[in-house]
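The values are calculated or read from the model by the stated rules, or taken from the named source; none is laboratory data. This is a predicted model, so every value here is computed, not measured. For neighbour counting, all protein chains shown are included, and Cβ atoms are generated from backbone atoms with ideal geometry for every residue, glycine included.
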Amino acid sequence: MKSVSSAPAKIILFGEHFVVHGTKAILAAIDKRVTVTSTVTENKTIKINSELGTIEVPIFTSYKKTKSEFRPFVYLANKVISIPNCNINGLEITIDSDIPIGVGLGSSSACCVAAASSLFGLFKAWSYSGILTMSIEAEKTIFPNTSGADCTVCTYGGMIEHPSIEKIDNTFDLNLVIANSMIPHNTKKSVKKVSKFKENDEKRFSELCDLETKLIDEVVLAMKNNDATVLGLKMSENQKYLEEIQVSNDTIRDMISSLKEISLGSKITGAGDGGCIIALINDENMDKVPALLGKDKECFSAKLDTKGVVWKIEK
Ligand code: PMV
(Lines give C-alpha, C1' and ligand atoms only; values in the text may rest on other atoms or scores of the structure.)
Protein backbone atom coordinates (compact mmCIF):
# COMPACT_ATOMS: atom_id res chain seq x y z
CA MET A 1 0.00 0.00 0.00
CA LYS A 2 1.26 3.46 -0.93
CA SER A 3 0.09 6.72 0.62
CA VAL A 4 0.57 9.44 -1.98
CA SER A 5 0.16 13.13 -1.31
CA SER A 6 1.00 16.32 -3.14
CA ALA A 7 1.13 19.96 -2.07
CA PRO A 8 1.54 23.20 -4.05
CA ALA A 9 4.31 25.79 -4.11
CA LYS A 10 3.48 29.24 -2.82
CA ILE A 11 4.19 32.89 -3.32
CA ILE A 12 3.96 35.58 -0.70
CA LEU A 13 2.04 38.44 -2.27
CA PHE A 14 2.34 40.76 0.73
CA GLY A 15 3.87 40.75 4.20
CA GLU A 16 6.95 38.51 4.14
CA HIS A 17 9.33 39.12 7.05
CA PHE A 18 6.82 41.38 8.85
CA VAL A 19 4.66 38.27 9.30
CA VAL A 20 7.42 36.71 11.44
CA HIS A 21 6.92 39.66 13.81
CA GLY A 22 3.15 39.27 14.04
CA THR A 23 1.67 41.25 11.15
CA LYS A 24 -0.77 39.86 8.58
CA ALA A 25 0.35 38.48 5.23
CA ILE A 26 -1.30 37.48 1.95
CA LEU A 27 -0.13 34.30 0.27
CA ALA A 28 -1.20 32.27 -2.73
CA ALA A 29 -0.64 28.66 -3.72
CA ILE A 30 0.59 28.24 -7.32
CA ASP A 31 0.58 25.52 -9.97
CA LYS A 32 3.86 23.76 -9.14
CA ARG A 33 3.78 20.69 -6.87
CA VAL A 34 5.76 18.27 -4.77
CA THR A 35 4.57 14.67 -4.42
CA VAL A 36 5.51 12.51 -1.42
CA THR A 37 4.91 8.75 -1.46
CA SER A 38 5.17 6.72 1.76
CA THR A 39 5.28 2.94 2.11
CA VAL A 40 5.68 0.67 5.13
CA THR A 41 8.78 -1.56 5.11
CA GLU A 42 10.02 -4.50 7.20
CA ASN A 43 13.49 -2.98 7.84
CA LYS A 44 13.77 -1.03 11.06
CA THR A 45 14.84 2.03 9.10
CA ILE A 46 13.60 5.28 7.66
CA LYS A 47 14.66 5.55 4.02
CA ILE A 48 14.29 8.81 2.15
CA ASN A 49 14.73 9.20 -1.62
CA SER A 50 14.84 12.66 -3.16
CA GLU A 51 16.63 14.55 -5.91
CA LEU A 52 19.05 15.69 -3.16
CA GLY A 53 20.10 12.08 -2.55
CA THR A 54 19.07 9.02 -0.54
CA ILE A 55 19.53 8.38 3.17
CA GLU A 56 18.62 5.38 5.31
CA VAL A 57 18.81 5.68 9.10
CA PRO A 58 17.63 3.39 11.94
CA ILE A 59 14.15 4.28 13.21
CA PHE A 60 14.12 6.73 16.12
CA THR A 61 17.38 8.33 14.95
CA SER A 62 17.15 11.97 16.06
CA TYR A 63 16.45 14.31 13.14
CA LYS A 64 19.27 16.48 14.51
CA LYS A 65 21.76 13.80 13.43
CA THR A 66 20.73 14.06 9.75
CA LYS A 67 21.48 16.67 7.07
CA SER A 68 19.08 19.61 7.26
CA GLU A 69 17.23 18.82 4.01
CA PHE A 70 16.17 15.40 5.41
CA ARG A 71 15.24 16.55 8.93
CA PRO A 72 11.49 17.22 8.44
CA PHE A 73 10.99 13.74 6.94
CA VAL A 74 12.92 11.94 9.70
CA TYR A 75 11.01 13.97 12.30
CA LEU A 76 7.61 13.11 10.78
CA ALA A 77 8.48 9.43 10.20
CA ASN A 78 9.53 9.02 13.84
CA LYS A 79 6.29 10.71 14.97
CA VAL A 80 4.28 8.23 12.91
CA ILE A 81 6.24 5.18 14.09
CA SER A 82 5.67 6.35 17.69
CA ILE A 83 1.86 6.24 17.34
CA PRO A 84 0.72 3.65 19.94
CA ASN A 85 0.00 0.19 18.42
CA CYS A 86 0.99 1.39 14.95
CA ASN A 87 2.99 -1.83 14.34
CA ILE A 88 5.25 -0.27 11.72
CA ASN A 89 8.81 -1.57 11.44
CA GLY A 90 10.10 0.96 8.97
CA LEU A 91 9.16 3.53 6.33
CA GLU A 92 10.31 4.49 2.87
CA ILE A 93 9.55 8.03 1.71
CA THR A 94 10.04 9.23 -1.87
CA ILE A 95 9.91 12.89 -2.86
CA ASP A 96 9.30 14.09 -6.43
CA SER A 97 9.20 17.82 -6.92
CA ASP A 98 8.80 20.34 -9.71
CA ILE A 99 9.27 23.25 -7.29
CA PRO A 100 12.64 24.99 -7.62
CA ILE A 101 14.61 24.76 -4.37
CA GLY A 102 15.89 27.74 -2.39
CA VAL A 103 14.27 30.52 -4.41
CA GLY A 104 11.38 31.52 -2.14
CA LEU A 105 8.61 29.43 -3.69
CA GLY A 106 8.00 27.40 -0.54
CA SER A 107 9.65 24.16 -1.60
CA SER A 108 10.45 23.13 1.99
CA SER A 109 6.95 24.00 3.28
CA ALA A 110 5.27 22.11 0.43
CA CYS A 111 7.52 19.11 1.22
CA CYS A 112 6.57 19.28 4.93
CA VAL A 113 2.84 19.48 4.10
CA ALA A 114 2.92 16.67 1.51
CA ALA A 115 5.05 14.48 3.82
CA ALA A 116 2.78 15.03 6.87
CA SER A 117 -0.23 14.22 4.71
CA SER A 118 1.34 11.13 3.11
CA LEU A 119 2.69 9.71 6.38
CA PHE A 120 -0.35 10.34 8.58
CA GLY A 121 -2.48 9.18 5.64
CA LEU A 122 -0.99 5.69 6.15
CA PHE A 123 -3.24 5.53 9.24
CA LYS A 124 -6.10 7.41 7.64
CA ALA A 125 -5.34 9.93 10.40
CA TRP A 126 -5.96 12.72 7.91
CA SER A 127 -7.32 16.18 8.66
CA TYR A 128 -6.33 19.62 7.35
CA SER A 129 -5.70 20.97 10.83
CA GLY A 130 -3.64 17.91 11.85
CA ILE A 131 -1.52 18.16 8.71
CA LEU A 132 -0.96 21.86 9.22
CA THR A 133 0.17 21.38 12.84
CA MET A 134 2.52 18.50 11.96
CA SER A 135 3.96 20.26 8.91
CA ILE A 136 4.77 23.41 10.88
CA GLU A 137 6.47 21.28 13.57
CA ALA A 138 8.45 19.54 10.80
CA GLU A 139 9.45 22.83 9.19
CA LYS A 140 10.70 24.07 12.57
CA THR A 141 13.42 21.37 12.39
CA ILE A 142 14.97 23.55 9.65
CA PHE A 143 13.53 27.04 10.33
CA PRO A 144 12.81 27.34 14.07
CA ASN A 145 11.37 30.85 13.61
CA THR A 146 8.97 30.07 10.78
CA SER A 147 5.74 32.07 10.87
CA GLY A 148 3.86 29.00 9.62
CA ALA A 149 2.32 31.11 6.83
CA ASP A 150 3.91 29.04 4.04
CA CYS A 151 2.67 25.69 5.39
CA THR A 152 -0.79 27.18 5.84
CA VAL A 153 -1.21 28.19 2.20
CA CYS A 154 0.39 24.94 0.94
CA THR A 155 -2.22 23.05 3.01
CA TYR A 156 -5.35 25.00 2.12
CA GLY A 157 -4.45 26.30 -1.37
CA GLY A 158 -5.96 29.39 -3.01
CA MET A 159 -5.20 32.90 -1.86
CA ILE A 160 -5.38 33.46 1.89
CA GLU A 161 -4.77 36.01 4.56
CA HIS A 162 -2.49 34.83 7.36
CA PRO A 163 -3.03 34.14 10.25
CA SER A 164 -6.84 34.20 9.89
CA ILE A 165 -6.74 31.67 6.97
CA GLU A 166 -9.54 33.71 5.39
CA LYS A 167 -9.79 33.00 1.67
CA ILE A 168 -9.43 36.04 -0.57
CA ASP A 169 -11.48 35.78 -3.74
CA ASN A 170 -10.22 37.52 -6.82
CA THR A 171 -12.61 37.62 -9.68
CA PHE A 172 -10.10 39.09 -12.12
CA ASP A 173 -7.21 37.07 -13.57
CA LEU A 174 -3.98 37.73 -11.72
CA ASN A 175 -1.35 37.80 -14.45
CA LEU A 176 1.59 37.16 -12.20
CA VAL A 177 5.06 36.53 -13.53
CA ILE A 178 7.62 34.90 -11.28
CA ALA A 179 11.21 35.74 -12.17
CA ASN A 180 14.20 34.05 -10.60
CA SER A 181 17.25 36.22 -9.81
CA MET A 182 19.28 32.98 -9.97
CA ILE A 183 20.86 33.98 -6.65
CA PRO A 184 20.10 31.26 -4.07
CA HIS A 185 18.65 32.76 -0.91
CA ASN A 186 18.93 31.71 2.70
CA THR A 187 15.72 32.25 4.64
CA LYS A 188 17.33 31.75 8.06
CA LYS A 189 20.03 34.36 7.35
CA SER A 190 17.56 36.91 5.97
CA VAL A 191 15.15 36.45 8.90
CA LYS A 192 18.08 36.96 11.30
CA LYS A 193 19.13 40.12 9.45
CA VAL A 194 15.63 41.55 9.80
CA SER A 195 15.61 40.73 13.54
CA LYS A 196 18.87 42.71 13.82
CA PHE A 197 17.25 45.63 11.98
CA LYS A 198 14.37 45.47 14.48
CA GLU A 199 16.77 45.37 17.46
CA ASN A 200 18.66 48.40 16.15
CA ASP A 201 15.56 50.48 15.42
CA GLU A 202 12.50 49.19 17.28
CA LYS A 203 10.54 52.39 16.58
CA ARG A 204 10.95 52.36 12.79
CA PHE A 205 10.36 48.62 12.60
CA SER A 206 7.11 49.00 14.51
CA GLU A 207 6.07 51.84 12.14
CA LEU A 208 6.83 49.57 9.17
CA CYS A 209 4.72 46.77 10.70
CA ASP A 210 1.82 49.25 11.04
CA LEU A 211 2.30 50.39 7.43
CA GLU A 212 2.32 46.76 6.25
CA THR A 213 -0.91 46.02 8.15
CA LYS A 214 -2.61 49.08 6.62
CA LEU A 215 -1.34 48.12 3.16
CA ILE A 216 -2.76 44.61 3.48
CA ASP A 217 -6.19 45.97 4.46
CA GLU A 218 -6.07 48.17 1.34
CA VAL A 219 -5.07 45.18 -0.80
CA VAL A 220 -8.04 43.13 0.43
CA LEU A 221 -10.32 46.03 -0.56
CA ALA A 222 -8.61 46.35 -3.98
CA MET A 223 -9.17 42.63 -4.58
CA LYS A 224 -12.87 43.02 -3.70
CA ASN A 225 -13.09 45.94 -6.15
CA ASN A 226 -11.22 44.01 -8.91
CA ASP A 227 -8.73 46.86 -8.97
CA ALA A 228 -5.52 45.50 -10.48
CA THR A 229 -4.00 49.00 -10.72
CA VAL A 230 -4.20 49.55 -6.95
CA LEU A 231 -2.96 46.00 -6.37
CA GLY A 232 0.15 46.72 -8.48
CA LEU A 233 0.80 50.01 -6.69
CA LYS A 234 0.58 48.21 -3.34
CA MET A 235 3.12 45.62 -4.51
CA SER A 236 5.59 48.40 -5.32
CA GLU A 237 4.87 50.08 -1.98
CA ASN A 238 5.52 46.78 -0.18
CA GLN A 239 8.83 46.50 -2.07
CA LYS A 240 9.89 49.86 -0.56
CA TYR A 241 9.39 48.43 2.94
CA LEU A 242 11.43 45.35 1.98
CA GLU A 243 14.18 47.63 0.64
CA GLU A 244 14.18 49.50 3.94
CA ILE A 245 14.65 46.32 5.99
CA GLN A 246 17.53 45.47 3.63
CA VAL A 247 16.45 42.18 2.10
CA SER A 248 16.83 43.48 -1.47
CA ASN A 249 19.93 43.81 -3.61
CA ASP A 250 21.13 45.32 -6.92
CA THR A 251 20.08 42.30 -9.01
CA ILE A 252 16.54 42.45 -7.63
CA ARG A 253 16.38 46.23 -8.12
CA ASP A 254 17.59 45.82 -11.75
CA MET A 255 14.96 43.15 -12.44
CA ILE A 256 12.19 45.29 -11.00
CA SER A 257 13.36 48.31 -12.95
CA SER A 258 13.60 46.36 -16.24
CA LEU A 259 9.91 45.44 -15.94
CA LYS A 260 8.81 48.92 -14.84
CA GLU A 261 7.31 49.99 -18.19
CA ILE A 262 5.11 46.93 -18.55
CA SER A 263 4.22 46.00 -14.98
CA LEU A 264 1.55 47.37 -12.67
CA GLY A 265 3.85 46.58 -9.76
CA SER A 266 6.53 44.15 -8.64
CA LYS A 267 8.30 42.99 -5.52
CA ILE A 268 10.35 40.29 -3.87
CA THR A 269 8.43 37.16 -2.93
CA GLY A 270 9.75 35.22 0.07
CA ALA A 271 12.85 35.91 2.11
CA GLY A 272 14.68 38.02 -0.51
CA ASP A 273 18.45 38.65 -0.77
CA GLY A 274 18.07 36.68 -4.02
CA GLY A 275 15.34 34.21 -4.85
CA CYS A 276 12.39 35.41 -6.90
CA ILE A 277 10.40 38.52 -7.65
CA ILE A 278 6.74 38.62 -8.68
CA ALA A 279 5.36 41.14 -11.16
CA LEU A 280 1.77 41.95 -12.04
CA ILE A 281 1.68 42.28 -15.82
CA ASN A 282 -1.08 43.27 -18.25
CA ASP A 283 -2.11 40.46 -20.59
CA GLU A 284 -0.89 42.18 -23.75
CA ASN A 285 2.62 42.61 -22.29
CA MET A 286 3.22 39.06 -21.03
CA ASP A 287 5.37 38.02 -24.02
CA LYS A 288 7.75 40.99 -23.53
CA VAL A 289 8.91 39.79 -20.09
CA PRO A 290 11.73 37.31 -21.00
CA ALA A 291 13.54 39.77 -23.31
CA LEU A 292 13.32 42.58 -20.74
CA LEU A 293 14.71 40.39 -17.95
CA GLY A 294 17.56 39.05 -20.07
CA LYS A 295 18.79 35.57 -20.94
CA ASP A 296 20.43 34.90 -17.57
CA LYS A 297 17.09 34.95 -15.67
CA GLU A 298 14.34 32.33 -15.59
CA CYS A 299 10.72 33.37 -15.59
CA PHE A 300 7.29 31.79 -15.86
CA SER A 301 3.71 32.86 -15.41
CA ALA A 302 2.00 31.47 -12.32
CA LYS A 303 -1.57 30.27 -12.04
CA LEU A 304 -3.37 30.09 -8.73
CA ASP A 305 -3.73 26.59 -7.23
CA THR A 306 -7.06 26.12 -5.50
CA LYS A 307 -6.71 22.48 -4.42
CA GLY A 308 -4.08 22.74 -1.66
CA VAL A 309 -2.86 19.42 -0.30
CA VAL A 310 -4.35 16.27 -1.87
CA TRP A 311 -3.99 12.66 -0.75
CA LYS A 312 -4.83 9.16 -1.99
CA ILE A 313 -4.06 5.55 -1.16
CA GLU A 314 -2.70 3.38 -4.00
CA LYS A 315 -2.73 -0.42 -3.79
O1 PMV B 1 11.60 32.51 0.98
P2 PMV B 1 10.79 31.58 1.78
O3 PMV B 1 9.89 30.71 0.99
O4 PMV B 1 11.63 30.78 2.70
O5 PMV B 1 9.78 32.46 2.65
C6 PMV B 1 10.14 33.03 3.86
C7 PMV B 1 9.08 33.96 4.35
C8 PMV B 1 9.48 34.73 5.60
O9 PMV B 1 8.41 35.63 5.89
C10 PMV B 1 10.74 35.52 5.38
C11 PMV B 1 9.69 33.78 6.79
C12 PMV B 1 8.42 33.16 7.36
O13 PMV B 1 8.58 32.21 8.15
O14 PMV B 1 7.30 33.64 7.10
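One residue is enough: does the stretch 84-101 have a residue meeting the conditions touching a residue at least 60 places away in the same chain (Cβ under 8 Å), hydrophobic (A, V, I, L, M, F, W, C) and within 16 Å of the ligand (Cβ to nearest atom)? Yes, that holds for at least one residue. Taking each residue of the stretch 146-157 that is not assigned by TED's automatic domain parsing to the domain that holds Ser6 and looking for partners that are within 11 Å of the ligand (Cβ to nearest atom) and at pLDDT 95 or above with beta-carbon atoms closer than 9 Å, six or more apart or interchain, yields nothing. Would a scan of the stretch 138-155 turn up a residue that is in a strand (DSSP E or B), closer than 19 Å to Lys303 by Cβ and among the hydrophobic types (A, V, I, L, M, F, W, C)? No; the residues of the stretch 138-155 include none that is in a strand (DSSP E or B), closer than 19 Å to Lys303 by Cβ and among the hydrophobic types (A, V, I, L, M, F, W, C).
Does the stretch 201-216 include one or more residues that are acidic (Asp, Glu) and either buried (at least 18 other Cβ atoms within 10 Å of the Cβ) or touching a residue at least 60 places away in the same chain (Cβ under 8 Å) (or both)? Yes: one or more hits.
When you scan the stretch 1-82 for strands (runs of 3 or more DSSP E) that lie fully inside it, which ones turn up with 2 or more residues that are within 16 Å of the ligand (Cβ to nearest atom) and of a type in the set (Gly, Ala, Ser)? Please lay out each step first, then the result.
On the way: elements: 2-14, 25-41, 45-50, 53-58.
In the stretch 1-82, 2-14, 25-41 are the strands (runs of 3 or more DSSP E) which contain 2 or more residues that are within 16 Å of the ligand (Cβ to nearest atom) and of a type in the set (Gly, Ala, Ser).
Filtered by the rule that a residue be in contact with an Asp or Glu (Cβ under 6 Å, 6 or more places away or on another chain) and surrounded by fewer than 20 Cβ atoms within 10 Å (Cβ to Cβ), the stretch 28-73 gives Asp31, Thr35, Thr39, Thr41, Thr45, Lys47, Leu52.
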